[in-house]
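What follows is a single structure, written as C-alpha cells, with notes after it.
The values are calculated or read from the model by the stated rules, or taken from the named source; none is laboratory data. Since this is a predicted model, take the numbers as computed values, not measurements. A quick note on method: Cβ atoms are made from the backbone with ideal geometry, for glycine too, and the neighbour counts reach across all protein chains shown. Quick note on the areas: whole protein, heavy atoms, side chains included, nothing else; ligands and nucleic acids left out. Shrake-Rupley method; radii C 1.70, N 1.55, O 1.52, S 1.80 Å.
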Amino acid sequence: MSRSSRIRPHDLLVLVQIALLILSFAGDALARSTSVKRFMVEETTIAALQGAILKRQITATGIVEQYLRRIKAYNGTCVDQPEGILGRVTTIPDAGQVNALMTLNLRPASRVAWGFDERKARSMTDPIDDDPSMPDALETAATLDAYFARTGKLVGPLHGVVIALKDQYDSFDMRTTQGADAFFADDRPPDDATFVARMREAGAIII
C-alpha cells in the first residue's frame with residue numbers, strides 16, 4: 001500500500017464516530033416511528049391512551065379508526081334470526097364473528113366508506129342524517145384533535161376514550177329502541193341520558 005492510500009488512525013477514528021452518529025440518529029428515528037406504529041388500542045388503559053395522545057403518538061381520530069378496523073374485522077353475524085331479534089335464534093357454526101354492535105355512530109357517507117351496511121346506520125328514520133349539531137364519532141374525534149392541537153391540553157378525563165353504549169342508554173344522536181325490534185316514527189331520543197351526557201363532557205367518544 002502506498003503512503004498516500006493509507007488510512008491514518010485519526011482518520012479512522014473520525015469515520016467511526018461519524019458512522020456511530022448516523023446510526024444513533026437512525027435508531028432514534030426508527031424508535032419514534034416504531035412507537036407510533038406499535039400503539040394499539042387492544043388491552044390499553046385510559047392513562048396509556050392519553051399518554052400517547054400527549055406525546056403525539058396517536059390522535060383521537062386515529063383511535064376511532066383503530067376501533068372501526070377491529071369492528072370491521074370481528075363484529076358480524078353469528079346467529080340466524082329469521083323472525084327478528086325477539087324471535088327464534090340459532091347459532092351459525094364457525095361464524096368467526098361476534099354480534100356485539102348493532103349500531104355505529106357514523107354518518108351515512110362515512111359508514112358506507114368504511115364498508116358497513118345500512119343495518120349499522122345510527123338512525124333508521126333519518127336516512128339523510130346531516131344535522132350539524134349531531135356530530136358522529138369521527139367528527140367528534142376531529143374536534144378533540146383540533147382542541148388539543150390548539151391548546152396542548154386534553155378536554156377532560158375521558159379525552160379520546162371510545163365508548164360503546166348498551167341500547168338502554170339514551171343518546172340523542174343515535175337510535176335507541178331499548179333493544180326492541182319495533183318501528184318508530186323517530187328512533188332518536190330527544191336528549192342524552194345523564195350518564196351519557198357526563199361522559200361526553202369529559203371527552204368520551206360515543207361509537
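Just a few scattered comments:
- Meets criteria (of a type in the set (F, W, Y), at pLDDT below 95, part of a loop (DSSP other than H, G, I, E, B) and over 28 Å from G51 (Cα atoms)) for F172: no
- Residue that is farthest from P189 (Cα to Cα) [pool: residues in region 127-140 that are open to solvent by 50 Å² or more (accessible area, probe 1.4 Å) and at pLDDT 95 or above]: E139
- With respect to being within 20 Å of L154 (Cα to Cα) and at pLDDT below 55, V16 falls outside the description.
- Breaking point among (1) open to solvent by less than 20 Å² (accessible area, probe 1.4 Å); (2) over 23 Å from T61 (Cα atoms); (3) touching a residue at least 24 places away in the same chain (Cβ under 8 Å), for T177: (3)
- Residue match in region 20-39 (condition: under 22 Å from L101 (Cβ atoms) and at pLDDT 80 or above): no
- Condition met for T143 (of a type in the set (V, I, T) and open to solvent by 30 Å² or more (accessible area, probe 1.4 Å)): yes
- Test: residue in region 157-173 that is touching a Leu at 6+ places or on another chain (Cβ under 9 Å), crowded, with 17+ Cβ neighbours inside 10 Å and either within 30 Å of E83 (Cα to Cα) or polar (S, T, N, Q) (or both): yes
Here is a yes/no grid of residues against (1) touching a Gly at 6+ places or on another chain (Cβ under 9 Å); (2) under 18 Å from R56 (Cα atoms); (3) without any contact (Cβ under 8 Å) to a residue 24 or more places away in the chain:
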{"residue": "N105", "(1), (2), (3)": "no, no, no"}
{"residue": "E118", "(1), (2), (3)": "no, no, yes"}
{"residue": "M124", "(1), (2), (3)": "no, no, no"}
{"residue": "D129", "(1), (2), (3)": "no, no, yes"}
{"residue": "D136", "(1), (2), (3)": "no, no, no"}
{"residue": "E139", "(1), (2), (3)": "no, no, no"}
{"residue": "A142", "(1), (2), (3)": "no, yes, no"}
{"residue": "F148", "(1), (2), (3)": "yes, yes, no"}
{"residue": "P157", "(1), (2), (3)": "yes, yes, no"}
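- For region 94-116, the tally of residues that are modelled with pLDDT of 90 or more and open to solvent by 50 Å² or more (accessible area, probe 1.4 Å) stands at 4.
- All conditions in (1) under 15 Å from the mean Cα position of the chain (by Cα); (2) farther than 23 Å from G203 by Cα hold for A137, with the sole exception of (2).
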